[in-house]
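Written out below as structure tokens is the structure these notes cover.
The values are calculated or read from the model by the stated rules, or taken from the named source; none is laboratory data. Being a predicted model, the structure only gives us computed values, none of them experimental. Neighbour counts are summed over all protein chains in view; Cβ atoms, including those assigned to glycine, are modelled from backbone coordinates with ideal geometry.
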Amino acid sequence: MKRLFVFSLFVSLLFSTGIADVTSKTTDWSQWHGNDRTNISRETGLLKAWNGTPPAAWSIKGLGAGYGSLAIKDNSILVQGVKDGQSTVFCLSRADGKTVWATALGVALDQDRGGGPRSTPTIDGDRAYALTENGDLACLKLKDGSAVWKKNILKEFKGDNPHWLISESPLVDGNNLIVTPGGDGASIVALDKMTGKTVWTSKELNDGAGYSSCLAVNVGGVRAIVGFTDKAGVGVRASDGKLLWRYETPSNRTANCSTPVFADNKVYYTSAYGTGGGLLELNVEGGTVKSKEVYFNKEMQNHHGGVVLVNGYLYGFSNAILMCMEFASGKVMWRNRSVGKGSITYADGRLYLLGENNTVGLAEASPEAYKETGRFQIEDQGLPSWAHPVVCGGKLYVRNQGMLSCYDVKAK
């Protein structure tokens, strides 16, 4: 999330991260991993330690099955779940969690690791975009949930639903909406966000969909979409879908889930199943992007909890062990069992950790050593706690299947 500076500095900051903000308000979290998809909250003045469970602002049940996270704008929280057998987008009141509206997008699917949607809605102005576990994509009016347009990306682009179902969150890049149907010549596609009409397809890319969400970045003046398909880490040109790079080494060919990390014209991909992670250096040559591997190692084997880059260091779970690794070199700084295998986000000098065993933890984001400053338990819902936590507006949001809890983590 970006603070409001003069326009020129604001633009410079946006392009230095390579990802344009969907909204500039620091009290919003408008899409998967935040306004700029870095998984970093820009808030300050948060609690540095917890004495047990932080005060609960509110807690609700009734969202149904699902593993998706939250999108937050103004007084609205968007989250996907299941209602009456339908994969549904819920709009909740930020004040108390009560349902404002609910819009069904299509039949909900079940799966042996838990049914329901896996995606997070994306809020863009007065519209929201949501993708279900079965490929139903919709543009909704934020005020009432009514549909502007709808389509099924698997049917339209002849893609196959991955074994554990579609899990990506749609990406808005300027006038385009980016999704990954995984069809032949349509692994990644761009749609007109206002109408849903096809702008381009990645004709040179025939990979199936992974479980990862895309980024939009700028490499030496070339705008690129960064994705992680079922076979490789890839980059395609944002203007027309032309393939710019392909990096197969970090792919495990089973489940590539983690969102790539981009900084300083470098992109990092990581996956589990005994694979690891690698860093590519990207350079513009002759109007296109060339890639070169900086390193690859098996140290960070991140499954689906994500990694976050803070002050030159990556933090994330390598299987069940939390670790800190230097971004530029791949050097491991420390390892700790922490809360067990889980997901992560960052705010105000702290790592917010959600273990799949229903443990929430707080730890310093420091390369020196692991130092935990709080933990508490949440209610077991019968399945692993896989939804990524969100820190926004002085609150910590923890979604676990049909339950969503909001905790006050602002320092008094």
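Of the strands (runs of 3 or more DSSP E) lying entirely inside segment 331-371, those carrying at least 3 residues that are closer than 22 Å to His33 by Cβ are 342-347, 350-355, 359-364. Looking at segment 50-60 only, could you name the residues that are part of a strand (DSSP E or B) and of a type in the set (Gly, Ala, Ser)? Correct list: Ala56, Ala57, Ser59.
Criterion applied to Ser258, Ser251, Ser239 was being part of a loop (DSSP other than H, G, I, E, B), farther than 25 Å from Pro162 by Cβ and polar (S, T, N, Q), and the one residue passing it is Ser239. Within segment 281-321, the set of residues being small (Gly, Ala, Ser) and under 19 Å from the mean Cα position of the chain (by Cα) comprises Gly305, Gly306, Gly316, Ser318.
Looking across segment 126-150 at every residue that is among the acidic types (Asp, Glu) and in a loop (DSSP other than H, G, I, E, B), the one that is farthest from the chain's Cα centre (by Cα) is identified as Asp144.
Scanning segment 69-102 for residues that are assigned to a strand (DSSP E or B) and either out of contact with any strand residue (DSSP E or B) (no Cβ under 7 Å at 6 or more places or on another chain) or of a type in the set (Gly, Ala, Ser) (or both) gives Ala71, Ser76, Gly81, Ser87, Ser93, Ala102.
Just for segment 270-302: of the residues that are among the small types (Gly, Ala, Ser) and not in a strand (DSSP E or B), which one is farthest from Thr229 (Cα to Cα)? It comes out as Gly286. Total residues in segment 396-412 satisfying the condition of being over 20 Å from the mean Cα position of the chain (by Cα), assigned to a strand (DSSP E or B) and among the basic types (Lys, Arg): the figure is 1.
The residue of segment 66-102 that is surrounded by the most Cβ atoms within 10 Å (Cβ to Cβ), among those that are polar (S, T, N, Q) and either within 20 Å of the chain's Cα centre (by Cα) or within 19 Å of Cys139 (Cβ to Cβ) (or both), is Gln80. Taken over segment 190-209, residues that are closer than 22 Å to Leu282 by Cα and under 21 Å from the mean Cα position of the chain (by Cα) amount to 1. Of all the residues in segment 180-234, those that are under 19 Å from Trp164 (Cα atoms), hydrophobic (A, V, I, L, M, F, W, C) and either in a strand (DSSP E or B) or at pLDDT below 95 (or both) number 1. A single entry from Leu63, Leu105 fulfils the requirement of being out of contact with any helix residue (DSSP H, G or I) (no Cβ under 8 Å at 6 or more places or on another chain), outside any loop (DSSP other than H, G, I, E, B), modelled with pLDDT of 95 or more and surrounded by 20 or more Cβ atoms within 10 Å (Cβ to Cβ): Leu105.
Of all residues in segment 227-276, those being under 20 Å from Tyr313 (Cβ atoms) and either hydroxyl-bearing (Ser, Thr, Tyr) or touching a Gly at 6+ places or on another chain (Cβ under 6 Å) (or both) number 8.
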